[in-house]
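Student: My questions all concern the structure below.
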Amino acid sequence: MSSAVAPAVRPPNILVFLVDDMGWQDTSVPFHAQETPLNRRYHTPAMARLASGGVKFTQAYCACVCSPSRVSLLTGLNAARHRVTNWTMHRDRATDAKHAVIVPPEWNVNGISLDPATPRAVCAPTLPGLLRRVGYRTIHVGKAHFGAEDTPGADPLNLGFDVNVAGHAAGGPGSYLSEQGFSGVWRKADRYWDIPGLDKYHGTGTFLTEALTREALAEMDRAVRDQCPFFLYMSHYAVHVPFAPDPRFIQRYRDAGLDETEAQYAALIEGMDKSLGDLLDALDRHGIGDNTLVLFLSDNGGLSAHGRGGPPHTHNAPLSSGKGSAHEGGIRVPMLVRWPGVTAPASVCDHYTTVEDILPTLLEVGGAAGRLAVLPPGDGRSLVPLLRRADAAWPAARPLFWHYPNIWGPTGPGLGPFSAIRAGAWKLIDYHADRRFELFNVVEDISETTNRLSDSPATARALAEQLSDWFRQVGAQMPGDRTTGHLVPLPDAALAAAAGGGAPGRPTRIA
Ligand code: CA
């Protein structure tokens, strides 16, 4: 067999740097039209460095909690289609909180699986699996949270990754501290939360974020040594609870007068940013920075309903609410992309994007789009035109969809089972429990202070129809209503009933 012909252009390495539960404002890089007090609180020089070399996406979206976003990232499918609509944990057990009215549907409680024998399996090919087929070494470091414990989807090695460091079923760390062995035993938590594969760091005083960074650097070294293009999925457990003081960075925030919870949180952010800086330095050291795309993203909005210092629902200001919410604070996330030679330095893209766009984008970047016989029929759209020109022509009213027929737990602005659609400047939210609707112009009213439902009924109706048509097409699962014994109607029927202007749709018995 002759040796393969060298491609004319070596495919770029791809570094996806994913942060857990990081809010849109948890950075010194301003994603809002102007700098905010939160931008002045946080210190993220590596993010600023990345932004100075690439595109800042000011309206990037994810799902409102962890697993749905992560499965969408891996499959390019919307949560309404892959049906991992809530966060996953134990096999065959839903994580939904109890609700007086809503009964969640039979969503994919086991998360992603590539085994068609698994009931209700998501059988889409994965991003790492596809990149591996076109020659990438695919490396997973950090938090996985794609599938429930004791299911195939819990292990990144079953999902197209060649290497897995520290990824398993759990959606958070037992502990950030090596002195606690990264285990949750200190808080009497189930051993489920113990982070695997980092034993050599136990008791060394190495903070979790740093241990993961060193592992990622070692994997990068190996790939470079082997002259292998790599897809490095650096997925930090930071900044998810349980917070802990990172001794390297905490003092600055205590000195600034933040309460202890917020000081620990800010130090977690700075430790995450230090990791990004270390990885960017390593790319330069290896001389591959110019041929590596770096994509920075958070998986949902910043935690704000509980567990933080200060008043709840305020931690993502000027956005309303936080993680779990249909409001912007729950779903709008920081996103940066640097692709040297392609992205213009310090450019800003105000087109809205979604996590489903990442798979088609990275397949195009990796040259897979032209080399694989069949590409998955995803719900996203390649962002490569926007990487080439941040102000490129882009469908202005492109619809984005959210479906969360689930119960996260806390109450507050935008929290509770919901479906939503964004198209152009408008966002319509359908709250399943009480068939209440909110319509916001999120361009004019980024803080979602004014419900425009009564003054723009035609806009609301059009959005409800568009959302419902798409739900019918993908078979979105609506929850049940205990009080009626029926499924919650689709948004168009619910809106018509709420407006008193039409039939509520044919009710369907809960299975
Ligand atoms: Ca998360």
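The values are calculated or read from the model by the stated rules, or taken from the named source; none is laboratory data. As the structure is a computational prediction, the values presented were derived from the model and not from experiment. Heads up, the Cβs are rebuilt from the backbone with ideal geometry, glycines too, and the neighbour counts pull from every protein chain shown. Remember, those area values only see protein heavy atoms, side chains included, never the ligands or the DNA or RNA. Shrake-Rupley method; radii C 1.70, N 1.55, O 1.52, S 1.80 Å.
Student: Considering every residue within region 325-342, establish whether at least one is under 20 Å from the mean Cα position of the chain (by Cα), at negative phi and among the aromatic types (F, W, Y).
Tutor: no
Student: So is L336 in a strand (DSSP E or B) and among the hydrophobic types (A, V, I, L, M, F, W, C) or not?
Tutor: In short, yes.
Student: Among (1) part of a helix (DSSP H, G or I); (2) among the hydrophobic types (A, V, I, L, M, F, W, C); (3) open to solvent by less than 20 Å² (accessible area, probe 1.4 Å), which single condition is A218 missing?
Tutor: The failed condition is (3).
Student: Please find, among G203, G174, the residue that is in a loop (DSSP other than H, G, I, E, B) and open to solvent by 10 Å² or more (accessible area, probe 1.4 Å).
Tutor: From the options G203, G174, the qualifying one is G203.
Student: Here's another thing I want to ask about it. Take region 278-303 and flag every residue that is assigned to a loop (DSSP other than H, G, I, E, B) and more than 13 Å from the ligand (Cβ to nearest atom).
Tutor: H286, G287, I288
Student: Which numbered condition trips up P417, out of (1) more than 25 Å from G324 (Cβ to Cβ); (2) touching a His at 6+ places or on another chain (Cβ under 9 Å); (3) not small (G, A, S)?
Tutor: Of the numbered conditions (1) more than 25 Å from G324 (Cβ to Cβ); (2) touching a His at 6+ places or on another chain (Cβ under 9 Å); (3) not small (G, A, S), the odd one out for P417 is (1).
Student: Sticking with this one: Has region 101-120 got at least one residue that is out of contact with any Cys (no Cβ under 9 Å at 6 or more places or on another chain) and within 16 Å of the ligand (Cβ to nearest atom)?
Tutor: Looking for residues that are out of contact with any Cys (no Cβ under 9 Å at 6 or more places or on another chain) and within 16 Å of the ligand (Cβ to nearest atom), one finds at least one in region 101-120, hence yes.
Student: Tally time: how many residues in region 316-333 are within 14 Å of the ligand (Cβ to nearest atom) and assigned to a loop (DSSP other than H, G, I, E, B)?
Tutor: 5
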